[in-house]
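A short write-up of the structure that comes next.
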Amino acid sequence: MMAVETQMSDLTAGGIQTVRTPPLTSAFWKKEDWWAVILGLGLVAVAIALFTNGASLNWLAVIPAKWTTPDQLIAHFAAAWPRYLAQAAVWLVLVSFALTALGYRLRDTVPAFIFLYIVSVIIFALGQWADAIKYNLEPPLVALVVGLLIANLNLLPRRLDAGFRVEFYIKLGVVLLGATLPFTLIVWAGPVALLQASIVSIVTFLVIFATARALGIEPRFAATLGVGGAVCGVSAAIAIAAAVGARKQDAAATISIVILWAIVMIFALPFVSSHLALPAAVGGAWIGTSEFADAAGFAAAQAYGDIAATLHLGTGDQSVAAFTLMKVVGRDIWIGIWAIVLSIIAAARWEDTGIRNRWDAGEIWRRFPKFVIGFLLASILITLVAQEIGKADFGKAATTDLVTPIKNLRTWAFAFGFLAIGLTTRLRDLTGMGLRPVIAFSTGVVVNVALGFILSVIVFGAYWSHFGS
Amino acid sequence: MAAPTCAGCRHFEAAPQAIERLMPHLAALSSAHGASRTGDGLCLHHKRHVPATAHCAAAEAT
């Protein structure tokens, strides 16, 4: 007992002597963010090391080739199957290592990942068909539909969800994405993304909160709904629910509503963007301001990037990069500040729950989405390599032998994430929403989408249309 | 003996797998393993989400 007591620090909070026990679940090796950073930067470091020694990750980072006839596709796999086998083995080792550290069993994660990889290869190959876009077979959307069907027809046991870790794959993809963006581009576009995202976030929160309060919803639930629409969807909802002390069922209801709207927006935003023929980066910026969850937003931005490239409205990378700056840099990283402000308001003005909370400025760091650090470090690394080599030499060789394999690995990580969204979204789990919360959130959605469009297309349209070109 | 914070209370559930079992739809577009959740958990006494550093009169040491 003495040993335990000496590890604890006595704190005084709200006049009550308390004993603090650091929870093991907050340790860094129990956070998928850090595993995404470690694995993502590790892959980037290997790619750079190979490139600077005259080799490349290209052999391993294979992706299905474009095809017009089935014979071409069969020929590709007949020639490249050892590369796919090796790639699957490497992914399996990396993913298993991280998921085991997070507490999952190999007997669940290994079969789950093998299934995820095989289905992803099929969907990726289908998306490389020359006529895929003509038939709306964008890989992110196909992956989502296939996953939803499998999950909601109960074709797989739920224990395999252990390997369908949506957020882990998406965060890993974001870190790899950093290595395909020059840091100067992030510095150039970051302030505008920040300004635009802040305007939309604050307005959306206030609209949802005010509507919810007007409908008689208690303030802690209203705040949870508000950040679910304004900041980073489900992740924000669960973080702010704790910061303000929201009821379990209110957080669960918010998550259900966010998921429903996020799924709708995965299809709606690329559809409307393509009918308006928005430049790729403008569409990505709009999706970044108006989608609710990172994973759903990446699916929409990737889908629109594919469409925009086919329509000669830009490149797929422009859409995804603009989305990333708007959503991740502009909205996600501020979750700690939202938590501090709302927990102060909850303690000072809202009905007492009998639970006392402590807060300090360290909350901003504790809640900071750490995968963003990996994203920025990857970008800085690749920019330093470019400077070291010199712009002229970096150009073609680096694009082919350094950036392309990292980009291909990023595409795989996102593909796993998109399929996993569908595989883990079971409509029967989306319960307890209630009409009034749905109305409040939906009001925010209307304002969010309209304001995001005005800012992305009209106010900053000229700016975003040149982004990444 | 001083009162524990939520982190040291027997009513506090913060294990990511347990949180996702209690809210199975959480993992569809997010995760209980995310950094932004820090060490937050569920208070099974108050049935509310709470930070690990919170405390209340009903706290009982594990």
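Helix content alone sets the calculated 222 nm mean residue ellipticity of chain A: runs of n ≥ 4 DSSP H residues at -39500 (n - 2.57) each, divided across all residues, give -22500 deg cm²/dmol. Taking a straight Cα-Cα cut-off under 21 Å and skipping sequence neighbours fewer than 8 places away in the same chain, the lysines within cross-link reach of residue A:248 are B:47. Both radii are taken from the alpha-carbon atoms of region A:269-410; with Rh as the Kirkwood radius, Rg/Rh is 1.12. The angle between the Cα long axis of helix A:166-178 and the main principal axis of chain A comes to about 60°, on a 0 to 90 degree scale. Neighbour counts of C-beta atoms inside 10 Å place B:13, A:363, A:32 in the sequence B:13, A:363, A:32, starting with the fewest.
Hey, what did chain A get for relative contact order, percent, Cα under 8 Å, at least 6 apart?
26 percent
On the basis of the beta-carbon distance and an R0 of 25 Å, residue A:264 and residue A:426 show a calculated FRET efficiency of 0.90.
Please compute the length gained on full extension between residue A:312 and residue A:361, using 0.36 nm multiplied by the number of residues separating them and subtracting their Cα-Cα distance. Intermediate results must be reported in sequence, preceding the final value.
Working: separation 49, 0.36 × 49 = 17.64 nm, distance 4.68 nm.
In short, 13.0 nm is gained.
Given +1 at the Cβ of Lys and Arg, -1 at the Cβ of Asp and Glu and no other charges, the dipole of the protein assembly as shown around its Cα centre is 600 debye to the nearest 20. For the segment A:344-355, counting C-beta atoms of other chains within 10 Å of every residue's C-beta and taking the mean gives 2. With a simple spin-label model that places each label point 7 Å from the Cα along the Cα-to-Cβ direction, the separation between residue A:442 and residue A:107 comes to 4.6 nm. Two decimals is fine: what is log10 I(q)/I(0) at q = 0.07, 0.09, 0.12 Å⁻¹ for the protein assembly as shown, from a Debye sum with one equal scatterer on every Cα and no solvent? For the protein assembly as shown at q = 0.07, 0.09, 0.12 Å⁻¹, log10 I(q)/I(0) is -0.37, -0.62, -1.10.
Reported to two decimal places, what Rg/Rh ratio describes region B:1-48 when computed on Cα atoms with Rh from the Kirkwood expression?
Numbers: Rg = 11.7 Å, Rh = 11.5 Å.
My calculation puts Rg/Rh at 1.02.
Here, region A:23-172 yields an orientationally averaged convex hull projection of 10.9 nm² when only Cα atoms define the hull. The Cβ shell under 11 Å around residue A:154 holds other residues with a net charge of +3, Lys and Arg each +1, Asp and Glu each -1.
If you average the sequence gap of Cα pairs under 8 Å that are 6 or more apart and divide by the length of chain B, what percent do you get for the contact order?
Values: 83 pairs, mean separation 32.9, N = 62.
Value for chain B: 53 percent.
With distances taken between every two different alpha-carbon atoms, region A:272-350 has a Kirkwood hydrodynamic radius of 13.2 Å. For region A:67-135, the normalised intensity computed at q = 0.22, 0.29 Å⁻¹ comes to -0.93, -1.25 (log10 of I(q)/I(0), Debye sum over alpha carbons, equal scatterers, no solvent).
Each of residue A:158 and residue B:15 was given a label point 7 Å from its Cα along the Cα-to-Cβ line. The distance between the two points is 1.6 nm.
Partner shielding of A:253-263 amounts to 2, given as the average count of beta-carbon atoms from other chains within 10 Å of each residue beta-carbon.
Distance from the Cα centroid of region A:343-381 to that of region A:226-277 is 18 Å (rounded to whole angstrom).
Since every read-out is calculated from the coordinates, none of them should be taken as a lab result. Remember, predicted model here, so these are calculated numbers, not experimental data. Every residue, glycine among them, receives a Cβ derived from its backbone with ideal geometry; neighbour counts consider all protein chains shown.
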